[in-house]
Amino acid sequence: MPDRSDASQAADLAAACATWADRWWDDDAALPWAPPGHEGVADGVPRHMVPQGARYALALLERRADGDVDRARRLLDALCALQYDEAGTDIHGTFRIFAETPHPPPTPVMWEDYDPNWRQFLGTIFVLLLRRHEDVLVGAQRDRLVRAVTLAVEGEPPRRIPPSYANIALMHAWLQVEAGVLLERPALVEIGEAFAAKIVERFDRHGCFDEYSSPTYYGIDLEALGLWRSWSSSAALSADGARIEEALWRDVARWYHPGLRNLCGPSTRSYGLDMTTHLGSLGLWWAAAFGFEGAPLPPMTDDAPHGHDFFHGPYVALLGARVPADAAPALTRFAGEHVVEQVIDEDPARVATGWLADDVMMGAERGTADLSWWDQFKPALAHWRGTDGEVGVLEVRAPGPSDAVAAPGELALSWDADAAGDAGRGLASITVQRSGPVVVEAGLLRCGDRTFRLAGAHEIVSVGEPAAHPHGEQVRIVLAAPDGAPRATLKLAVR
(Lines give C-alpha, C1' and ligand atoms only; values in the text may rest on other atoms or scores of the structure.)
Protein backbone atom coordinates (compact mmCIF):
# COMPACT_ATOMS: atom_id res chain seq x y z
CA MET A 1 0.00 0.00 0.00
CA PRO A 2 1.77 3.18 -1.12
CA ASP A 3 2.03 6.21 1.11
CA ARG A 4 -0.02 8.93 -0.58
CA SER A 5 1.47 11.67 1.60
CA ASP A 6 3.70 13.58 -0.75
CA ALA A 7 6.47 14.97 1.44
CA SER A 8 5.86 18.52 0.26
CA GLN A 9 2.09 18.26 0.83
CA ALA A 10 2.56 16.92 4.35
CA ALA A 11 5.14 19.62 5.05
CA ASP A 12 2.80 22.31 3.74
CA LEU A 13 0.02 21.04 6.00
CA ALA A 14 2.26 20.92 9.06
CA ALA A 15 3.69 24.38 8.41
CA ALA A 16 0.34 26.06 7.72
CA CYS A 17 -1.38 24.53 10.74
CA ALA A 18 1.55 25.20 13.09
CA THR A 19 1.68 28.83 11.94
CA TRP A 20 -2.08 29.13 12.46
CA ALA A 21 -1.69 27.64 15.96
CA ASP A 22 1.12 30.08 16.81
CA ARG A 23 -1.29 32.99 16.86
CA TRP A 24 -3.22 31.50 19.80
CA TRP A 25 -0.18 31.13 22.06
CA ASP A 26 -0.42 32.86 25.46
CA ASP A 27 3.10 33.22 26.76
CA ASP A 28 1.97 34.15 30.26
CA ALA A 29 -0.09 30.98 30.73
CA ALA A 30 2.18 28.83 28.52
CA LEU A 31 -0.99 27.48 26.88
CA PRO A 32 -2.94 28.18 23.67
CA TRP A 33 -6.14 30.19 23.75
CA ALA A 34 -9.26 28.62 22.28
CA PRO A 35 -10.02 30.32 18.93
CA PRO A 36 -13.46 31.88 18.40
CA GLY A 37 -14.69 28.89 16.38
CA HIS A 38 -14.38 26.60 19.41
CA GLU A 39 -17.84 25.78 20.78
CA GLY A 40 -16.37 25.94 24.29
CA VAL A 41 -15.98 29.72 24.04
CA ALA A 42 -19.34 30.41 22.38
CA ASP A 43 -20.26 32.38 25.51
CA GLY A 44 -17.49 34.85 24.72
CA VAL A 45 -15.38 33.97 27.78
CA PRO A 46 -11.71 33.34 26.82
CA ARG A 47 -10.34 29.93 27.82
CA HIS A 48 -7.10 28.01 27.36
CA MET A 49 -7.23 24.66 25.56
CA VAL A 50 -5.82 21.41 26.94
CA PRO A 51 -5.68 18.50 24.42
CA GLN A 52 -4.95 20.90 21.57
CA GLY A 53 -2.03 22.10 23.70
CA ALA A 54 -0.49 18.62 23.53
CA ARG A 55 -0.79 18.65 19.73
CA TYR A 56 0.79 22.10 19.64
CA ALA A 57 3.71 20.81 21.73
CA LEU A 58 4.19 18.07 19.14
CA ALA A 59 4.09 20.65 16.34
CA LEU A 60 6.71 22.77 18.09
CA LEU A 61 9.09 19.89 18.72
CA GLU A 62 8.75 18.66 15.16
CA ARG A 63 9.38 22.15 13.73
CA ARG A 64 12.14 23.21 16.15
CA ALA A 65 12.38 26.82 15.02
CA ASP A 66 14.01 29.34 17.36
CA GLY A 67 12.29 29.18 20.74
CA ASP A 68 10.09 26.19 19.85
CA VAL A 69 11.72 23.69 22.19
CA ASP A 70 11.57 26.03 25.16
CA ARG A 71 7.94 26.86 24.40
CA ALA A 72 7.03 23.18 24.08
CA ARG A 73 8.69 22.29 27.37
CA ARG A 74 6.86 25.07 29.20
CA LEU A 75 3.61 23.99 27.58
CA LEU A 76 4.05 20.36 28.61
CA ASP A 77 4.73 21.38 32.19
CA ALA A 78 1.57 23.49 32.17
CA LEU A 79 -0.46 20.55 30.83
CA CYS A 80 0.88 18.14 33.44
CA ALA A 81 -0.15 20.60 36.14
CA LEU A 82 -3.76 20.38 34.87
CA GLN A 83 -4.01 16.62 35.42
CA TYR A 84 -6.06 15.22 38.32
CA ASP A 85 -4.12 12.90 40.64
CA GLU A 86 -6.99 11.79 42.85
CA ALA A 87 -7.07 8.00 43.12
CA GLY A 88 -10.46 6.46 43.74
CA THR A 89 -12.40 9.26 42.01
CA ASP A 90 -14.05 9.49 38.60
CA ILE A 91 -11.63 12.22 37.54
CA HIS A 92 -8.40 10.42 38.39
CA GLY A 93 -5.91 10.63 35.53
CA THR A 94 -7.87 13.00 33.31
CA PHE A 95 -7.27 16.73 32.88
CA ARG A 96 -9.26 19.92 33.26
CA ILE A 97 -11.54 20.51 30.27
CA PHE A 98 -10.04 23.98 29.93
CA ALA A 99 -7.34 25.45 32.14
CA GLU A 100 -10.03 27.65 33.70
CA THR A 101 -12.46 24.79 34.41
CA PRO A 102 -13.25 24.68 38.15
CA HIS A 103 -12.32 21.60 40.11
CA PRO A 104 -15.23 19.14 39.82
CA PRO A 105 -17.60 18.68 42.77
CA PRO A 106 -17.53 15.47 44.87
CA THR A 107 -20.08 13.86 42.53
CA PRO A 108 -18.98 15.18 39.13
CA VAL A 109 -21.08 15.07 35.98
CA MET A 110 -19.26 13.59 33.01
CA TRP A 111 -18.91 15.98 30.01
CA GLU A 112 -19.96 18.95 32.16
CA ASP A 113 -17.42 18.87 35.02
CA TYR A 114 -14.79 16.73 33.34
CA ASP A 115 -13.98 14.98 30.07
CA PRO A 116 -12.72 11.42 30.62
CA ASN A 117 -11.37 11.22 27.07
CA TRP A 118 -8.61 13.70 27.81
CA ARG A 119 -6.75 10.69 29.26
CA GLN A 120 -6.49 9.22 25.76
CA PHE A 121 -6.07 12.48 23.82
CA LEU A 122 -3.13 13.61 25.96
CA GLY A 123 -1.74 10.23 26.98
CA THR A 124 -1.15 9.12 23.39
CA ILE A 125 0.66 12.35 22.51
CA PHE A 126 2.82 12.20 25.64
CA VAL A 127 3.97 8.67 24.79
CA LEU A 128 4.75 9.67 21.20
CA LEU A 129 6.70 12.71 22.41
CA LEU A 130 8.74 10.61 24.82
CA ARG A 131 9.69 8.33 21.94
CA ARG A 132 10.41 10.96 19.30
CA HIS A 133 11.96 13.73 21.37
CA GLU A 134 13.83 12.03 24.16
CA ASP A 135 16.81 14.30 23.44
CA VAL A 136 15.00 17.35 24.90
CA LEU A 137 12.42 15.76 27.21
CA VAL A 138 14.85 14.69 29.90
CA GLY A 139 15.29 14.58 33.65
CA ALA A 140 12.45 15.83 35.81
CA GLN A 141 10.37 16.77 32.78
CA ARG A 142 10.55 13.24 31.43
CA ASP A 143 9.55 11.97 34.85
CA ARG A 144 6.51 14.26 34.86
CA LEU A 145 5.39 13.01 31.44
CA VAL A 146 5.88 9.37 32.43
CA ARG A 147 3.86 10.04 35.57
CA ALA A 148 1.12 11.68 33.49
CA VAL A 149 0.93 8.61 31.22
CA THR A 150 0.79 6.36 34.28
CA LEU A 151 -2.11 8.32 35.77
CA ALA A 152 -3.96 8.41 32.44
CA VAL A 153 -3.83 4.62 32.14
CA GLU A 154 -4.45 3.81 35.79
CA GLY A 155 -7.29 6.33 36.07
CA GLU A 156 -9.31 4.88 33.18
CA PRO A 157 -12.27 2.83 34.54
CA PRO A 158 -12.05 -0.77 33.24
CA ARG A 159 -15.39 -0.86 31.38
CA ARG A 160 -16.02 2.75 30.36
CA ILE A 161 -14.84 2.42 26.77
CA PRO A 162 -16.64 -0.19 24.64
CA PRO A 163 -15.05 -1.40 21.37
CA SER A 164 -17.86 0.40 19.50
CA TYR A 165 -16.58 3.78 20.77
CA ALA A 166 -14.10 3.66 17.93
CA ASN A 167 -11.99 6.80 18.16
CA ILE A 168 -11.40 6.58 21.91
CA ALA A 169 -11.13 2.78 21.88
CA LEU A 170 -8.42 2.84 19.20
CA MET A 171 -6.39 5.39 21.15
CA HIS A 172 -6.88 3.59 24.44
CA ALA A 173 -5.73 0.19 23.15
CA TRP A 174 -2.54 1.73 21.73
CA LEU A 175 -1.97 3.71 24.94
CA GLN A 176 -2.31 0.59 27.10
CA VAL A 177 0.20 -1.34 25.00
CA GLU A 178 2.76 1.46 24.82
CA ALA A 179 2.34 2.43 28.47
CA GLY A 180 2.94 -1.21 29.32
CA VAL A 181 6.21 -1.10 27.39
CA LEU A 182 7.21 2.27 28.84
CA LEU A 183 6.44 1.23 32.42
CA GLU A 184 7.71 -2.34 31.96
CA ARG A 185 4.32 -3.88 32.78
CA PRO A 186 3.79 -6.88 30.47
CA ALA A 187 0.30 -7.47 31.86
CA LEU A 188 -0.77 -4.03 30.62
CA VAL A 189 0.53 -4.87 27.15
CA GLU A 190 -1.58 -8.02 27.15
CA ILE A 191 -4.66 -6.10 28.28
CA GLY A 192 -4.15 -3.56 25.50
CA GLU A 193 -3.70 -6.24 22.84
CA ALA A 194 -6.81 -8.08 24.04
CA PHE A 195 -8.86 -4.88 23.88
CA ALA A 196 -7.45 -4.11 20.43
CA ALA A 197 -8.56 -7.56 19.25
CA LYS A 198 -12.14 -6.74 20.33
CA ILE A 199 -12.06 -3.48 18.35
CA VAL A 200 -10.79 -5.33 15.29
CA GLU A 201 -13.43 -8.02 15.67
CA ARG A 202 -16.18 -5.41 15.81
CA PHE A 203 -14.86 -3.57 12.76
CA ASP A 204 -14.57 -6.80 10.78
CA ARG A 205 -18.23 -7.73 11.28
CA HIS A 206 -19.32 -5.28 8.57
CA GLY A 207 -16.09 -3.50 7.62
CA CYS A 208 -16.91 -0.22 9.35
CA PHE A 209 -16.90 1.65 12.64
CA ASP A 210 -20.09 2.40 14.58
CA GLU A 211 -19.27 6.14 14.47
CA TYR A 212 -20.07 5.96 10.79
CA SER A 213 -19.23 8.56 8.17
CA SER A 214 -18.01 11.14 10.69
CA PRO A 215 -16.07 14.09 9.24
CA THR A 216 -14.46 14.67 12.65
CA TYR A 217 -14.01 11.23 14.16
CA TYR A 218 -12.82 9.53 11.01
CA GLY A 219 -9.89 11.92 11.35
CA ILE A 220 -9.27 10.77 14.93
CA ASP A 221 -9.67 7.13 13.83
CA LEU A 222 -6.95 7.66 11.22
CA GLU A 223 -4.69 9.25 13.83
CA ALA A 224 -5.08 6.26 16.12
CA LEU A 225 -4.67 3.80 13.24
CA GLY A 226 -1.51 5.68 12.25
CA LEU A 227 -0.19 5.05 15.76
CA TRP A 228 -1.11 1.38 15.49
CA ARG A 229 0.47 1.08 12.03
CA SER A 230 3.73 2.96 12.56
CA TRP A 231 4.32 3.45 16.27
CA SER A 232 3.18 0.25 17.95
CA SER A 233 5.38 -2.20 19.84
CA SER A 234 2.77 -4.87 19.08
CA ALA A 235 2.99 -6.83 15.84
CA ALA A 236 -0.76 -7.46 16.04
CA LEU A 237 -1.62 -3.77 16.32
CA SER A 238 0.82 -2.87 13.54
CA ALA A 239 -0.72 -5.36 11.11
CA ASP A 240 -4.35 -4.68 12.04
CA GLY A 241 -3.80 -0.94 12.03
CA ALA A 242 -2.49 -0.94 8.47
CA ARG A 243 -5.26 -3.23 7.25
CA ILE A 244 -8.12 -1.32 8.87
CA GLU A 245 -6.66 2.02 7.76
CA GLU A 246 -6.73 0.75 4.19
CA ALA A 247 -10.32 -0.50 4.57
CA LEU A 248 -11.44 2.81 6.07
CA TRP A 249 -10.01 4.81 3.17
CA ARG A 250 -11.73 2.51 0.67
CA ASP A 251 -15.06 3.05 2.39
CA VAL A 252 -14.51 6.82 2.52
CA ALA A 253 -13.84 6.71 -1.23
CA ARG A 254 -17.29 5.15 -1.80
CA TRP A 255 -19.10 7.92 0.06
CA TYR A 256 -16.94 10.97 -0.68
CA HIS A 257 -17.89 13.43 -3.42
CA PRO A 258 -14.78 15.34 -4.58
CA GLY A 259 -16.87 17.82 -6.57
CA LEU A 260 -18.96 18.76 -3.52
CA ARG A 261 -15.99 18.25 -1.17
CA ASN A 262 -18.14 16.40 1.36
CA LEU A 263 -18.97 12.95 2.64
CA CYS A 264 -22.43 11.86 1.61
CA GLY A 265 -24.81 11.49 4.53
CA PRO A 266 -25.88 10.03 6.85
CA SER A 267 -23.42 10.76 9.65
CA THR A 268 -23.40 9.21 13.10
CA ARG A 269 -21.27 11.98 14.56
CA SER A 270 -20.92 15.39 12.95
CA TYR A 271 -20.60 18.91 14.35
CA GLY A 272 -21.64 20.54 11.09
CA LEU A 273 -23.39 19.88 7.80
CA ASP A 274 -20.73 20.99 5.31
CA MET A 275 -16.99 20.29 5.46
CA THR A 276 -16.25 23.43 3.44
CA THR A 277 -17.68 25.67 6.18
CA HIS A 278 -16.94 23.58 9.27
CA LEU A 279 -13.62 21.88 10.00
CA GLY A 280 -13.77 18.09 10.16
CA SER A 281 -10.34 16.60 10.78
CA LEU A 282 -10.83 14.08 7.96
CA GLY A 283 -10.22 17.05 5.66
CA LEU A 284 -6.70 17.41 7.09
CA TRP A 285 -5.96 13.82 6.07
CA TRP A 286 -7.21 14.54 2.56
CA ALA A 287 -4.89 17.56 2.43
CA ALA A 288 -1.95 15.45 3.66
CA ALA A 289 -2.57 13.00 0.84
CA PHE A 290 -3.49 15.32 -2.04
CA GLY A 291 -2.65 18.91 -1.05
CA PHE A 292 -4.65 21.95 0.02
CA GLU A 293 -6.16 22.63 -3.41
CA GLY A 294 -9.61 21.07 -3.52
CA ALA A 295 -9.39 19.85 0.08
CA PRO A 296 -12.65 19.53 2.06
CA LEU A 297 -11.64 22.30 4.45
CA PRO A 298 -13.01 25.73 5.41
CA PRO A 299 -10.78 28.79 5.00
CA MET A 300 -8.11 28.93 7.71
CA THR A 301 -9.57 32.03 9.37
CA ASP A 302 -9.50 32.92 13.06
CA ASP A 303 -13.21 32.17 13.44
CA ALA A 304 -13.36 28.96 11.36
CA PRO A 305 -16.07 26.76 12.94
CA HIS A 306 -14.36 23.96 14.88
CA GLY A 307 -11.11 25.58 13.81
CA HIS A 308 -9.24 24.26 16.84
CA ASP A 309 -8.90 21.02 14.88
CA PHE A 310 -6.26 22.78 12.77
CA PHE A 311 -4.01 21.94 15.74
CA HIS A 312 -4.16 18.34 14.47
CA GLY A 313 -2.44 19.21 11.17
CA PRO A 314 1.19 18.64 12.19
CA TYR A 315 0.20 15.37 13.90
CA VAL A 316 -1.53 14.19 10.72
CA ALA A 317 1.51 15.17 8.65
CA LEU A 318 3.82 13.20 10.95
CA LEU A 319 1.69 10.03 10.83
CA GLY A 320 1.24 10.24 7.06
CA ALA A 321 -1.90 9.58 5.01
CA ARG A 322 -1.61 6.11 3.45
CA VAL A 323 -4.39 5.95 0.88
CA PRO A 324 -4.64 2.71 -1.15
CA ALA A 325 -3.87 3.27 -4.81
CA ASP A 326 -7.25 1.87 -5.83
CA ALA A 327 -9.09 4.33 -3.57
CA ALA A 328 -7.22 7.51 -4.51
CA PRO A 329 -8.94 8.24 -7.87
CA ALA A 330 -12.43 8.38 -6.34
CA LEU A 331 -11.20 10.81 -3.68
CA THR A 332 -9.94 13.34 -6.21
CA ARG A 333 -12.24 12.99 -9.22
CA PHE A 334 -15.94 12.15 -9.20
CA ALA A 335 -16.36 8.65 -10.59
CA GLY A 336 -19.91 9.15 -11.87
CA GLU A 337 -23.40 8.58 -10.53
CA HIS A 338 -23.65 5.66 -8.12
CA VAL A 339 -25.52 4.30 -5.12
CA VAL A 340 -23.94 3.01 -1.92
CA GLU A 341 -25.17 0.98 1.02
CA GLN A 342 -23.54 -0.10 4.27
CA VAL A 343 -24.74 -2.24 7.14
CA ILE A 344 -23.46 -0.52 10.28
CA ASP A 345 -24.97 -2.78 12.92
CA GLU A 346 -27.52 -5.58 13.27
CA ASP A 347 -28.69 -5.19 16.86
CA PRO A 348 -29.99 -2.57 16.87
CA ALA A 349 -30.29 -2.54 13.09
CA ARG A 350 -28.58 0.33 11.27
CA VAL A 351 -28.17 0.62 7.49
CA ALA A 352 -26.79 3.64 5.61
CA THR A 353 -27.81 4.32 2.00
CA GLY A 354 -26.61 6.98 -0.38
CA TRP A 355 -26.96 8.29 -3.92
CA LEU A 356 -24.25 10.46 -5.48
CA ALA A 357 -24.68 12.29 -8.79
CA ASP A 358 -22.70 14.99 -10.58
CA ASP A 359 -23.88 18.04 -8.60
CA VAL A 360 -26.11 16.57 -5.88
CA MET A 361 -26.06 13.72 -3.36
CA MET A 362 -28.39 12.32 -0.71
CA GLY A 363 -27.79 9.93 2.17
CA ALA A 364 -29.92 8.44 4.93
CA GLU A 365 -30.07 5.84 7.70
CA ARG A 366 -32.80 3.32 8.47
CA GLY A 367 -33.04 0.90 11.36
CA THR A 368 -34.22 0.35 14.89
CA ALA A 369 -31.68 2.48 16.78
CA ASP A 370 -33.21 5.66 18.22
CA LEU A 371 -30.50 8.34 18.03
CA SER A 372 -32.92 11.20 17.38
CA TRP A 373 -32.03 12.78 20.74
CA TRP A 374 -28.41 13.33 19.65
CA ASP A 375 -27.56 16.50 17.75
CA GLN A 376 -24.38 14.86 16.38
CA PHE A 377 -26.52 12.26 14.58
CA LYS A 378 -27.42 13.39 11.06
CA PRO A 379 -29.92 10.79 9.80
CA ALA A 380 -30.80 12.27 6.39
CA LEU A 381 -28.76 14.77 4.38
CA ALA A 382 -28.69 16.28 0.90
CA HIS A 383 -25.84 18.32 -0.59
CA TRP A 384 -25.80 20.16 -3.90
CA ARG A 385 -23.75 22.68 -5.82
CA GLY A 386 -25.48 25.95 -6.63
CA THR A 387 -24.91 27.99 -9.76
CA ASP A 388 -22.63 30.24 -7.68
CA GLY A 389 -20.40 27.25 -6.97
CA GLU A 390 -21.27 27.19 -3.26
CA VAL A 391 -22.46 24.01 -1.56
CA GLY A 392 -26.03 24.00 -0.28
CA VAL A 393 -27.11 21.41 2.25
CA LEU A 394 -30.24 20.31 4.05
CA GLU A 395 -30.75 18.00 7.01
CA VAL A 396 -33.98 16.19 7.82
CA ARG A 397 -34.56 15.11 11.41
CA ALA A 398 -37.52 13.07 12.62
CA PRO A 399 -38.42 11.67 16.06
CA GLY A 400 -37.85 8.03 16.98
CA PRO A 401 -35.67 5.43 15.24
CA SER A 402 -34.51 6.68 11.85
CA ASP A 403 -36.57 5.27 9.00
CA ALA A 404 -34.97 7.01 6.04
CA VAL A 405 -33.68 5.74 2.70
CA ALA A 406 -31.77 7.43 -0.11
CA ALA A 407 -32.32 6.22 -3.67
CA PRO A 408 -31.52 7.73 -7.08
CA GLY A 409 -32.96 11.21 -7.09
CA GLU A 410 -34.89 10.99 -3.82
CA LEU A 411 -34.84 10.86 -0.05
CA ALA A 412 -37.77 9.15 1.70
CA LEU A 413 -38.53 8.88 5.40
CA SER A 414 -41.36 8.29 7.86
CA TRP A 415 -41.95 8.79 11.56
CA ASP A 416 -44.41 8.03 14.33
CA ALA A 417 -46.90 10.84 14.86
CA ASP A 418 -46.65 10.41 18.63
CA ALA A 419 -42.87 10.11 18.96
CA ALA A 420 -40.95 12.74 20.90
CA GLY A 421 -38.33 14.71 18.98
CA ASP A 422 -36.25 17.85 19.22
CA ALA A 423 -38.80 19.84 17.19
CA GLY A 424 -41.66 18.67 19.44
CA ARG A 425 -43.83 15.58 19.80
CA GLY A 426 -44.54 14.05 16.41
CA LEU A 427 -42.72 16.85 14.62
CA ALA A 428 -39.92 16.57 12.07
CA SER A 429 -37.73 19.34 10.70
CA ILE A 430 -35.81 20.28 7.59
CA THR A 431 -32.86 22.61 8.12
CA VAL A 432 -31.59 24.27 4.95
CA GLN A 433 -28.13 25.89 5.02
CA ARG A 434 -26.37 28.27 2.62
CA SER A 435 -28.88 27.86 -0.17
CA GLY A 436 -30.24 31.31 -0.92
CA PRO A 437 -33.97 32.09 -0.50
CA VAL A 438 -36.05 29.16 0.81
CA VAL A 439 -39.65 28.92 -0.40
CA VAL A 440 -42.22 26.15 0.17
CA GLU A 441 -45.17 26.23 -2.22
CA ALA A 442 -47.35 23.91 -4.30
CA GLY A 443 -45.52 20.76 -3.30
CA LEU A 444 -42.10 22.24 -4.00
CA LEU A 445 -39.17 23.17 -1.78
CA ARG A 446 -37.10 25.86 -3.49
CA CYS A 447 -33.64 26.30 -2.00
CA GLY A 448 -32.14 29.11 -4.04
CA ASP A 449 -31.62 27.66 -7.51
CA ARG A 450 -32.19 24.06 -6.37
CA THR A 451 -35.76 22.72 -6.28
CA PHE A 452 -37.05 19.54 -4.64
CA ARG A 453 -40.50 18.01 -5.00
CA LEU A 454 -42.25 17.39 -1.68
CA ALA A 455 -44.59 14.42 -1.41
CA GLY A 456 -46.00 12.14 1.28
CA ALA A 457 -48.45 12.25 4.17
CA HIS A 458 -47.39 15.29 6.16
CA GLU A 459 -48.31 18.90 6.83
CA ILE A 460 -46.05 21.95 6.84
CA VAL A 461 -46.37 23.51 10.29
CA SER A 462 -44.03 26.46 9.79
CA VAL A 463 -41.27 27.88 7.64
CA GLY A 464 -38.86 29.88 9.74
CA GLU A 465 -37.13 33.12 8.91
CA PRO A 466 -33.48 32.97 7.80
CA ALA A 467 -31.24 32.82 10.87
CA ALA A 468 -27.56 33.58 11.16
CA HIS A 469 -25.36 30.58 11.95
CA PRO A 470 -21.56 30.22 12.09
CA HIS A 471 -21.70 27.69 9.24
CA GLY A 472 -23.95 29.82 7.05
CA GLU A 473 -27.49 31.19 7.04
CA GLN A 474 -30.11 28.57 7.97
CA VAL A 475 -33.86 28.19 7.53
CA ARG A 476 -35.86 25.64 9.53
CA ILE A 477 -39.07 24.03 8.29
CA VAL A 478 -41.25 22.07 10.72
CA LEU A 479 -43.51 19.22 9.58
CA ALA A 480 -46.17 17.07 11.26
CA ALA A 481 -48.39 14.09 10.49
CA PRO A 482 -51.86 14.87 9.12
CA ASP A 483 -54.56 15.07 11.81
CA GLY A 484 -55.41 11.60 13.05
CA ALA A 485 -52.70 9.81 11.07
CA PRO A 486 -50.53 7.41 13.10
CA ARG A 487 -47.44 8.07 10.97
CA ALA A 488 -46.10 10.78 8.72
CA THR A 489 -44.14 10.31 5.50
CA LEU A 490 -41.95 12.62 3.48
CA LYS A 491 -40.33 12.22 0.10
CA LEU A 492 -37.83 14.79 -1.19
CA ALA A 493 -37.13 14.32 -4.89
CA VAL A 494 -34.61 16.18 -7.05
CA ARG A 495 -36.49 18.11 -9.69
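The values are calculated or read from the model by the stated rules, or taken from the named source; none is laboratory data. Bear in mind that the values here come from a model prediction, so they are computed numbers and not experimental data. Ideal geometry is used to build each Cβ from the backbone, glycine not excepted, and the neighbour counts take in all protein chains shown. With ligands, DNA and RNA removed, areas are computed over all heavy atoms of the protein, side chains included. Shrake-Rupley method; radii C 1.70, N 1.55, O 1.52, S 1.80 Å.
A few points about this structure:
- With all protein chains modelled, accessible area of Ser435 [1.4 Å, Å²]: 20 Å²
- Stokes-Einstein translational diffusion, region 351-438 - Kirkwood Rh over all Cα pairs, 1.567 mPa s, 4 °C, in µm²/s: 96 µm²/s
- Potential lengthening between Thr451 and His103 on full extension [0.36 nm per residue; Cα-Cα distance subtracted]: 120.1 nm
- Computed over the chain, Cα set: Rg, Dmax in Å: 22.9, 74
- Simple spin-label estimate for Trp374 and Glu293 in nanometres, 7 Å along Cα-Cβ: 3.9 nm
- For the chain, the relative contact order is 13 percent, taking Cα pairs closer than 8 Å that sit 6 or more residues apart in sequence and dividing their mean separation by the residue count.
- Qualifying trypsin sites (Lys or Arg not before Pro) in region 365-426, DSSP loop, other Cβ atoms within 10 Å at most 15: Arg425
- Given a 1.4 Å probe and the protein chains as shown, Tyr114 ends up with an accessible area of around 10 Å².
- Accessible-area order (highest first, 1.4 angstrom probe) of the listed residues Thr276, Thr332: Thr332, Thr276
- Ala325/Ala407 FRET efficiency (R0 25 Å; Cβ-Cβ; nearest 0.05): 0.20
- Distance (nanometres) between label positions extended 7 Å along Cα→Cβ at Glu337 and Arg160: 5.0 nm
- Extension gain (nm, one decimal) between Ser8 and Glu134, 0.36 nm per residue minus Cα-Cα: 42.8 nm
- Efficiency of FRET between Ile460 and Asp388 - r from beta-carbon atoms, R0 22 angstrom, step 0.05: 0.25
- The charge dipole of the chain, taken about its Cα centre with unit charges on the Cβ atoms of Lys, Arg (+1), Asp and Glu (-1) only, comes to about 560 debye.
- Relative contact order (%) - region 402-495, alpha-carbon pairs under 8 angstrom, separation at least six: 34 percent
- Efficiency of FRET between Glu190 and Val478 - r from beta-carbon atoms, R0 60 angstrom, step 0.05: 0.65
- Residue order by solvent-accessible surface for Lys198, Lys378, Lys491 is Lys198, Lys491, Lys378, largest first, with ligands and nucleic acids left out and a 1.4 Å probe.
- Tensor-based shape of region 186-231 (alpha-carbon gyration tensor, a/c under 1.5 rounded, otherwise prolate or oblate): oblate
- From the alpha carbon centroid of region 60-77 to that of region 354-385 is 42 Å.
- Once all protein chains are placed together, Met49 keeps about 0 Å² accessible to a 1.4 angstrom probe.
- Ordered from highest to lowest accessible area with the whole protein assembly present and a 1.4 Å probe, Asp135, Asp240 read as Asp135, Asp240.
- Mean residue ellipticity, 222 nm, helices only, the chain: the sum of -39500 (n - 2.57) across DSSP H runs of n ≥ 4, divided by residue count and rounded to 500, is -11000 deg cm²/dmol.
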